[in-house]
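Enquirer: Below is the structure I would like to discuss, written out as structure tokens.
The values are calculated or read from the model by the stated rules, or taken from the named source; none is laboratory data. Everything quoted here is computed from the prediction, not taken from an experiment. Here Cβ is always computed from backbone atoms with ideal geometry, including for glycine, and neighbour counts include all displayed protein chains.
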Amino acid sequence: MELEAFYPHPALVTKTTPVEKPRFPAIDAHNHLGDEFGGGWIHRPLAVLLDMLDASDIRLYVDLDGGWSEAALQEHLEHLGPASDRFHVFGGVDWSQWTEKGDKFAEWVASRLRVQKGYGAAGLKVWKNFGLHVHDHRGELVKIDDPRLDPIWETAVELNWPVVIHVADPVAFFDPLDENNERWEELHAHPDWQFPSPPFPAFMTILNGLTSLVTRHPRTTFIGAHVGCYAENLAWVGDLLEHCPNFYVDIAACIGELGRQPHTVRKFFLKYADRILFGSDFGPYPEAYRVMYRFLETDDEYFNYSPAPIPMQGRWHVHGLYLPDEVLEKVYFRNAERVILNHTTTTDENDEH
């Protein structure tokens, strides 16, 4: 039998706790609706999408796909407009324009962000091509903390926008693709996800650049996507949270990493309950949300972290965190209210839960 065919069923007898809806109504602070990551819901009936979100008690959905281009931003805003109270769409940076704009690039971006705000964008999404692929007009790879880009981060302050920033993938994507790489199968299935150094910067070079960026711009609110891009090392993430009160993290697409270190992760959630945002990254599908709710709310042991039959990221299962209500309330919606909506509300609906 080939290794790729070996997926044993655990012989453990453990309890299963179904969780159809979250303990508190949730704000999904990191997700998609476009064709590549969001299942193409931007082209499907809005009423069906709303029914799916209602089934999972998602009260507000942050769609990051407006960050691909201004055309995408306007398309998403137009499609979601009839239910604008249920969606926030983030804008983005067109890095391809650096060649043409030259030394004026950052000022040009700042002007475009103001235009995107006028369209209705509610924040800025920075994709991982920044730090890995973005080159300036001289052909040089741009560093995360390049001071020439300061006008972009300061404009986010002016617009009262949070910046969701994703600059690196799992550490294994940067490691040699050999018998020691825990994502061996995943990377062979997706070879374009591997970023060896050289030619790409080393993983910690990118993460140290993120630290420098967040530290140098204390007025800018940064949300580190995917647990600050380093879910494998919560001590590192915690240190950045300690030193930078303007830094937050979301947990999108990270149950596979978090759930295999449940004791450390539970302590992390309890300590940084005010700095963690709920996010899925798997589209608006109830089956994906149910796995997340089970992970956050139950003490179930050793279960598949993926809504698919086979775990997507590695050959392991996860354990639930059994978080207390005061933490769940903050993670599910209070923190996003403060950071993304820039206000705090209390409703009868919330009290019902």
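Enquirer: With the requirement that a residue be touching a residue at least 60 places away in the same chain (Cβ under 8 Å) and out of contact with any strand residue (DSSP E or B) (no Cβ under 6 Å at 6 or more places or on another chain), what does the stretch 152-171 give you?
Expert: Correct list: 153, 154, 157, 160, 166, 167, 168, 169, 170, 171.
Enquirer: OK, next. Go through the stretch 194-225 and give me each residue that's more than 24 Å from residue 159 (Cα to Cα), in contact (Cβ under 8 Å) with a residue 60 or more places away in the chain and buried (at least 23 other Cβ atoms within 10 Å of the Cβ).
Expert: 206
Enquirer: Determine, yes or no, whether residue 257 is crowded, with 20+ Cβ neighbours inside 10 Å, farther than 19 Å from residue 330 by Cα and within 17 Å of the chain's Cα centre (by Cα).
Expert: yes
Enquirer: Go through the stretch 261-287 and count every residue that is among the charged types (D, E, K, R), in contact (Cβ under 8 Å) with a residue 24 or more places away in the chain and either surrounded by fewer than 17 Cβ atoms within 10 Å (Cβ to Cβ) or within 23 Å of residue 167 (Cα to Cα) (or both).
Expert: 4
Enquirer: Give the residue, chosen from 29, 5, 47, 83, that is modelled with pLDDT under 95 and either more than 22 Å from the chain's Cα centre (by Cα) or under 24 Å from residue 342 (Cα atoms) (or both).
Expert: Step by step, each of 29, 5, 47, 83 is checked, and only 5 is modelled with pLDDT under 95 and either more than 22 Å from the chain's Cα centre (by Cα) or under 24 Å from residue 342 (Cα atoms) (or both).
Enquirer: Related question: Among the residues of the stretch 306-330 satisfying the criterion of being under 20 Å from residue 53 (Cα atoms) and either in contact with a Leu (Cβ under 7 Å, 6 or more places away or on another chain) or at pLDDT below 95 (or both), which is surrounded by the fewest Cβ atoms within 10 Å (Cβ to Cβ)?
Expert: 308
Conditions (1) closer than 27 Å to residue 102 by Cβ; (2) of a type in the set (A, V, I, L, M, F, W, C), marked per residue:
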site	(1), (2)
141	yes, yes
153	yes, yes
169	no, no
174	no, yes
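Enquirer: What residue, of 63, 57, is in contact with a Phe, Trp or Tyr (Cβ under 7 Å, 6 or more places away or on another chain) and among the charged types (D, E, K, R)?
Expert: Result: 63 is the single residue among 63, 57 that is in contact with a Phe, Trp or Tyr (Cβ under 7 Å, 6 or more places away or on another chain) and among the charged types (D, E, K, R).
Enquirer: In the stretch 166-185, what residues are charged (D, E, K, R) and within 27 Å of residue 90 (Cβ to Cβ)?
Expert: Within the stretch 166-185, 169 is the sole residue that qualifies.
Enquirer: Filter the stretch 102-123 for residues that are surrounded by 15 or more Cβ atoms within 10 Å (Cβ to Cβ), part of a helix (DSSP H, G or I) and in contact with a His (Cβ under 9 Å, 6 or more places away or on another chain) and give the result.
Expert: 105 - this is the single residue of the stretch 102-123 that is surrounded by 15 or more Cβ atoms within 10 Å (Cβ to Cβ), part of a helix (DSSP H, G or I) and in contact with a His (Cβ under 9 Å, 6 or more places away or on another chain).
Enquirer: Could I ask something else about it? Report those helices (runs of 4 or more DSSP H) wholly inside the stretch 146-239 carrying at least 2 residues which are of a type in the set (Asp, Glu), more than 21 Å from the chain's Cα centre (by Cα) and modelled with pLDDT of 95 or more.
Expert: 150-158
Enquirer: Another question, if that's okay. Please enumerate the residues belonging to the stretch 170-222 that are hydroxyl-bearing (Ser, Thr, Tyr) and out of contact with any Pro (no Cβ under 8 Å at 6 or more places or on another chain).
Expert: Within the stretch 170-222, 197, 205, 211, 212, 215, 220 meet the criteria.
Enquirer: Which members of the stretch 257-274 meet the condition of being charged (D, E, K, R) and either outside any helix (DSSP H, G or I) or under 20 Å from residue 170 (Cα atoms) (or both)?
Expert: 257, 260, 274
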